[in-house]
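Take a look at the structure set out below.
Since every read-out is calculated from the coordinates, none of them should be taken as a lab result. The shown structure was predicted, so the numbers you read here are calculated from the model rather than taken from an experiment. As a convention, Cβ positions derive from the backbone with ideal geometry for all residues, glycine included, and neighbour counts pool all protein chains shown.
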Amino acid sequence: MDTLLSMRVFVAIVDEGSLSAAAKRFSISAPMAGKHLQALEARLGARLMVRTT
């Protein structure tokens, strides 16, 4: 997965406050935004966000 895009999605998640809003910004699905976040966390070896429902 493209690390730079994953970083951009992460910034959008933080700015927008939700996965679904960030996904809309990039015209991707919310689960895909979550996959970008998971890939970035795996690459860094750290949890970046606490997910809640």
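List of remarks:
- Cβ pairs under 6 Å, 6+ apart, first in segment 25-40 and closer than 17 Å to residue 53 by Cβ, second of a type in the set (Val, Ile, Thr): 33/9
- Taken over segment 8-38, the residue count meeting the criterion of being of a type in the set (Lys, Arg) and touching a Ser or Thr at 6+ places or on another chain (Cβ under 9 Å) is 1.
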